[in-house]
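K.L.:
I have a structure here, written as structure tokens, and I will follow up with some questions on it.
The values are calculated or read from the model by the stated rules, or taken from the named source; none is laboratory data. No experiment lies behind these values; they were computed from the predicted model shown. Backbone-built Cβ (ideal geometry, glycine too); neighbour counts: all protein chains shown.
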Amino acid sequence: MGGPGRDEDFEQAFDDLFPRAQRLAYRILGNWLAAEDVAAEALARACFRWQKVKGLPWRDGWVLRVATNLALDTAKRKVPEAEVAEDLDAEEAAVLRLAMRQALQALPRRQREVLALRFLSDLNEADIATALGISAGSVKTHTSRGLAALRARLGDDFQGVPLAANGT
């Protein structure tokens, strides 16, 4: 935190950002313990850079972007442990999660970042644009292209895949 002692700003931000980062990582990894590790690492990195990060207008987006990147890196290294959705059997859930992970990893980096921040973190276009340092129009373009690529890879009915927090 830039020196000895406590930083109450960070502690307040931590209370808000840790659960959000954990939920985001869980949506990518499908494992709460791995998601907790990712969230902890993302917040540790934020803490280390807190004097710079705390004043950013896109502070939350920065932390969630770090969590997204860490979760995707973790997903590349680990065999998934699928937690089963109530309406899917274990095998179907594992296959679905693997297909979605592979499809997301096949996207260009910027499309993957935009889709993760939009659908896994529930950020709006303006917040995504600020977090990534691009225009809102670019966010729309990357979202459209990324979703089109996912549809091409997964089929037109991929909307049934639990990509978004809001079920879309």
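K.L.:
With the structure loaded, tell me whether ALA152 is more than 22 Å from ALA35 (Cβ to Cβ), hydrophobic (A, V, I, L, M, F, W, C) and modelled with pLDDT of 80 or more or whether it fails that test.
P.N.:
yes
K.L.:
OK, next. Within the range 11-69, track down each residue that is in contact with a Pro (Cβ under 9 Å, 6 or more places away or on another chain) and in contact (Cβ under 8 Å) with a residue 60 or more places away in the chain.
P.N.:
Of everything in the range 11-69, those that are in contact with a Pro (Cβ under 9 Å, 6 or more places away or on another chain) and in contact (Cβ under 8 Å) with a residue 60 or more places away in the chain turn out to be ARG27, GLY30.
K.L.:
Would you be able to tell me the number of residues in the range 118-151 that are under 15 Å from the mean Cα position of the chain (by Cα) and either surrounded by fewer than 18 Cβ atoms within 10 Å (Cβ to Cβ) or not small (Gly, Ala, Ser) (or both)?
P.N.:
Adding up the residues that qualify gives 11.
K.L.:
For the condition of a type in the set (Asp, Glu), over 10 Å from the mean Cα position of the chain (by Cα) and closer than 19 Å to ASP127 by Cβ, what is the one hit in ASP9, ASP73, ASP60?
P.N.:
ASP60
K.L.:
Of all residues in the range 109-131, which are touching a residue at least 40 places away in the same chain (Cβ under 8 Å) and over 22 Å from ALA35 (Cα atoms)?
P.N.:
Matches in the range 109-131: ASP127, THR130.
K.L.:
Give the range 94-111 a look and list any residue that's modelled with pLDDT under 80 and among the small types (Gly, Ala, Ser), or say none.
P.N.:
Correct list: ALA94, ALA99.
K.L.:
Continuing with the same structure: Going by the structure shown, is ILE128 assigned to a loop (DSSP other than H, G, I, E, B) and either at pLDDT below 85 or of a type outside the set (S, T, N, Q) (or both)?
P.N.:
So ILE128 fails the test.
K.L.:
Quick one: GLY137 ticks every box in (1) more than 21 Å from ASP73 (Cα to Cα); (2) at pLDDT below 85 except a single one, so which number is it?
P.N.:
With (1) more than 21 Å from ASP73 (Cα to Cα); (2) at pLDDT below 85 applied to GLY137, the lone miss is (2).
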